[in-house]
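Taking it in order: structure first as C-alpha cells, then the write-up.
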Amino acid sequence: MRKILETKKLLQSIISGDVLSDKEILNYYSVDASSYQIIPKLIVIPKNKKDVINVVKIAKKYKISVTARGAGTSLVGNSLNNGIILDLKKFDFIKIKNNHLKVGAGFIKGKLDEILQKSGMFFPPNPSIGPYCSIGGMIGTNASGSRSLKYGSMIDNIEKITFVDGNGKKIMLPKNKKIGAKILKFTKKLEHEKFPKVTKNSSGYRLDSIKSIQDTHKVIAGSEGTLGIILSAELKIKSIPKNRVLFVISYNSENDAAHDCASILTTLPAAVEFMDKTIMKNISHKFHRDSTCLLFVEYDSKQRNIQKRLKTITRGNIVKTLKKDSEIQRWWKFRDSSLYYSSKSIKDKTLHVIEDATVPVAYLPELFSLINKINQKYHTKSITYGHAGNGNIHVRLISNGKIQSIKKIADEYFDNVIKLGGTITGEHGDGLARSEYVRKQYGSVNYDIFKELKNQFDPGHILNPGKIISHKSSIISHLKF
Ligand SMILES: Cc1cc2nc3c(=O)[nH]c(=O)nc-3n(C[C@H](O)[C@H](O)[C@H](O)COP(=O)(O)OP(=O)(O)OC[C@H]3O[C@@H](n4cnc5c(N)ncnc54)[C@H](O)[C@@H]3O)c2cc1C
C-alpha cells in the first residue's frame, strides 16, 4: 500500500495528466466486456507522450504493472490487471493528407468512419462492436471483422506504429532499423510449421507475418499491450466500394452451410458470415420453418453472373439479394448484433472462453462437429455465429453452471482446434482466457522465442503481465460472478 501511495504522489508531481485512485473509478476500470474482473490500484490518464514515458519508467522502478486501455470492449479480459491502468483516451488526434492517415491510439473507430466517409474512404477492419472501440485497442488485439476476408485484419492494414516500450523508450517501427534487425533475428529461429494455417490469428506474437524490415511494426499487432504502449499509428485507407451486393442464403443444416463456405470462396466474396437459428430468430423476416442457419455473402466489386454462379454452388436457398445501401446496412445490423442476441437469450451466467477459434475453411464442418461433441459430452448447448469465410466461429456456450467444466471444455476444444491447423483465437486475443494455451498453440521452441521477444521489449515484465506469456492458469480466476 505504501508503495502505491508513493508511486501515486510521484506520478502526480511529474505528469500533467490525471492520476486517480477513488474506489468508484477503480471499480469502473476493473471490468471490460468479458466475464472477468480485476481491481487495479491506480488509473492514469496521460495527456502526452512524456506522461506515458514517465509512467512506464516509474512503474518499472517501483515494479508495478502498467496495462494500456482503449475503450475496454475486449471480450476475454485483455485490458484488466492489478497495477496501473493507462487510459489512452486523450491520444485522440487525427491527420489526413493525400490518402495518408495518422491517428492517436485513443481515437475512436466510429469517429474515424464518419470522417473518412465524407471523403469517400474507409478503414477496412470492422469489429461488430461498430463505432465503440479505439485504434490502440484494435491494434492490441489484432481486431478484424466481416470484411477481413477480403481486406485482412489490423495487422494487414497498418503502415507504422509509434510506441513506448517497457524501458520507457519511444520506438517507431518499421523506421527504427536497429530494433527492426533484432525483431528479424527472432523470426529466423521460428518453427513456422507450428503456426496455424489460417487467414486470421490473434494468438501469441505474430512474428510469422514479418518477412522483411518493412514489416517489423506487425510485431505490435495482437501484442495486447505486453510489448509497448502504442501512442499512434499510420493506417492504410481505401475508397468505399460502389458495387455492393449482399446475398442472404438460408440452410436446413449447419453442415451444408459449413461445407459450402470453401466453394463460395472461389467466387471471391468480400464477406461470408454465419448465423445459427438463435440469431436468425431476431431477424425481421419470415424464413422457411425448416431453416436452421444463414450465410450472408457479400461482394463489393462487380462480378459477372454472380447470382447464377452462387446458385450452382450452394446447397442452400438464396432468400434475399440486396443491392440498395440502406437495405444492405439494415441486414448487416442483424449480423452485427449477434453477440447481443445471444447474450439476451442466455439466462445463466456463463464464461465465454472458447468463443473465437478459427480453423482452415475446409475444416469448418469438423469444427461444427467438434462443437456438437462438446455439447453432448458436457451437457451444454451453444449459440454460434461468426466470420465463416475465415473459418472463425464464435461460440456462446450455455453451460450447466459448473464453472470447473469450462477448463476441461477449453482443454479439449483447443487441443482439437490446434490439431485441425487452427488458432485458439482468430480476433479477440489471448487475454485471461487463453494465454495459458499459447505454448500449446505454438510449441516450446516458438514459445521460448516469444519469451525472448518479451524480455527484449519489456525486461521488467511490467507491461500487462500474465497476458500471452503466462506462468499460471487464469481461465477461471478473476470471474465476475
Ligand atoms: C459486442 C462486441 C462485438 C465485438 N465484435 C468484434 C469483432 O467483430 N471483431 C473483433 O476483432 N473484435 C470484436 N470485439 C472485441 C473488441 O471490440 C475488439 O477487440 C476491440 O478492438 C478492442 O478495442 P478497445 O479499444 O475496446 O480495446 P481494449 O479492450 O481497451 O484493449 C484491448 C487490448 O489492447 C490493449 N491496448 C489498448 N490500447 C492500447 C495501446 N494504446 N497500446 C497498447 N496496447 C493497447 C489492451 O491492453 C488490451 O490488451 C467485440 C466486442 C464486443 C463487446
Filter the stretch 425-446 for residues that are farther than 18 Å from Ser79 by Cα and of a type in the set (Gly, Ala, Ser); the one that is most open to solvent (accessible area, probe 1.4 Å) is Ser444
Out of curiosity, is Asp156 acidic (Asp, Glu) and closer than 30 Å to Gln329 by Cβ?
yes
The residue that is least open to solvent (accessible area, probe 1.4 Å), considering only those in the stretch 233-264 that are closer than 22 Å to Tyr363 by Cα and polar (S, T, N, Q), is Ser250
Pairs returned, first residue in the stretch 39-59 that is closer than 15 Å to Asp87 by Cβ, second residue that is in a helix (DSSP H, G or I), beta-carbon separation under 6 angstrom, 6 or more apart or interchain, are Pro40/Leu26; Lys41/Ile4; Leu42/Lys8; Ile43/Ile25; Val44/Val55; Pro46/Val52
Here the qualifying pairs (Cβ atoms under 7 Å; residues six or more apart or on different chains; first in the stretch 25-37 and touching a residue at least 40 places away in the same chain (Cβ under 8 Å); second basic (Lys, Arg)) come out as Tyr29/Arg69; Val31/Lys480; Ser35/Lys480; Tyr36/Lys480; Gln37/Lys480
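Taking Tyr36 as the residue in question, decide whether it is open to solvent by 50 Å² or more (accessible area, probe 1.4 Å), outside the structural domain of Lys170 (by TED's automatic domain parsing) and within 13 Å of the ligand (Cβ to nearest atom). Quick ask: steps written out before the conclusion?
On the way: open to solvent by 50 Å² or more (accessible area, probe 1.4 Å): no; outside the structural domain of Lys170 (by TED's automatic domain parsing): yes; within 13 Å of the ligand (Cβ to nearest atom): yes.
Taking the combined requirement at face value, the residue does not satisfy it.
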Within the stretch 266-304, the count of residues that are in contact with a Lys or Arg (Cβ under 6 Å, 6 or more places away or on another chain) and β-branched (Val, Ile, Thr) comes to 2
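Going through the stretch 328-344 one residue at a time, which ones are free of Cβ contacts under 8 Å to residues at least 12 places away in the same chain and either more than 10 Å from the ligand (Cβ to nearest atom) or of a type in the set (S, T, N, Q) (or both)?
Answer for the stretch 328-344, where residues must be free of Cβ contacts under 8 Å to residues at least 12 places away in the same chain and either more than 10 Å from the ligand (Cβ to nearest atom) or of a type in the set (S, T, N, Q) (or both): Gln329, Arg330, Lys333, Lys344.
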Determine, yes or no, whether Ile398 is touching a Phe, Trp or Tyr at 6+ places or on another chain (Cβ under 9 Å) and either within 23 Å of Lys63 (Cβ to Cβ) or of a type in the set (A, V, I, L, M) (or both).
no
With criteria (1) among the hydroxyl-bearing types (Ser, Thr, Tyr); (2) in contact with a strand residue (DSSP E or B) (Cβ under 9 Å, 6 or more places away or on another chain); (3) away from the ligand (no atom under 16 Å from the Cβ); (4) open to solvent by 10 Å² or more (accessible area, probe 1.4 Å), Thr267 comes up short on (4)
Residue hits (the stretch 145-202; away from the ligand (no atom under 16 Å from the Cβ) and in a strand (DSSP E or B)) are Glu159
Flagged pairs (Cβ under 9 angstrom, 6 or more apart or on separate chains; first in the stretch 450-469, free of Cβ contacts under 8 Å to residues at least 24 places away in the same chain; second surrounded by 22 or more Cβ atoms within 10 Å (Cβ to Cβ) and in a loop (DSSP other than H, G, I, E, B)) are Lys451/Ile469
By residue number, the members of the stretch 426-468 that are within 20 Å of the chain's Cα centre (by Cα) and over 24 Å from Val66 (Cα atoms) are Gly426, Lys440, Gln441, Tyr442
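For Ile475, indicate whether it is buried (at least 18 other Cβ atoms within 10 Å of the Cβ) and either in contact with a strand residue (DSSP E or B) (Cβ under 8 Å, 6 or more places away or on another chain) or under 14 Å from Tyr205 (Cβ atoms) (or both).
Details: buried (at least 18 other Cβ atoms within 10 Å of the Cβ): yes; either in contact with a strand residue (DSSP E or B) (Cβ under 8 Å, 6 or more places away or on another chain) or under 14 Å from Tyr205 (Cβ atoms) (or both): no.
No; evaluated as a whole, the condition is false for this residue.
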How many residues of the stretch 60-109 are within 16 Å of the chain's Cα centre (by Cα) and either more than 7 Å from the ligand (Cβ to nearest atom) or assigned by TED's automatic domain parsing to the domain that holds Ser144 (or both)? The answer is 6
Taking the conditions exactly as written (assigned by TED's automatic domain parsing to the domain that holds Lys182, within 16 Å of the ligand (Cβ to nearest atom) and surrounded by fewer than 19 Cβ atoms within 10 Å (Cβ to Cβ)), does Glu224 satisfy them or not?
no
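Could you say which residue among Ile4, Ile14, Ile43 is within 16 Å of the ligand (Cβ to nearest atom), surrounded by fewer than 20 Cβ atoms within 10 Å (Cβ to Cβ) and among the hydrophobic types (A, V, I, L, M, F, W, C)?
Working: Ile4 fails: within 16 Å of the ligand (Cβ to nearest atom); Ile14 fails: within 16 Å of the ligand (Cβ to nearest atom).
Going through Ile4, Ile14, Ile43 in turn, the sole match is Ile43.
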Quiz prompt | Test: residue in the stretch 120-129 that is away from the ligand (no atom under 13 Å from the Cβ) and at negative phi | solution = yes
In the stretch 87-130, residues that are within 16 Å of Ser74 (Cβ to Cβ) and surrounded by fewer than 17 Cβ atoms within 10 Å (Cβ to Cβ) total 1
Among Ser134, Ser153, the single one that is open to solvent by less than 10 Å² (accessible area, probe 1.4 Å), touching a Pro at 6+ places or on another chain (Cβ under 8 Å) and of a type in the set (S, T, N, Q) is Ser153
Picking from Lys189, Lys218, Lys169, Lys211, the residue that is basic (Lys, Arg), buried (at least 24 other Cβ atoms within 10 Å of the Cβ) and modelled with pLDDT of 95 or more would be Lys218
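The values are calculated or read from the model by the stated rules, or taken from the named source; none is laboratory data. Just so it is clear, the model here is predicted, and its values are computed rather than measured. Cβ: placed from backbone, ideal geometry, glycine included. Neighbour counts: every protein chain shown. Protein only, heavy atoms only, side chains kept; ligands, DNA and RNA dropped before computing areas. Shrake-Rupley method; radii C 1.70, N 1.55, O 1.52, S 1.80 Å.
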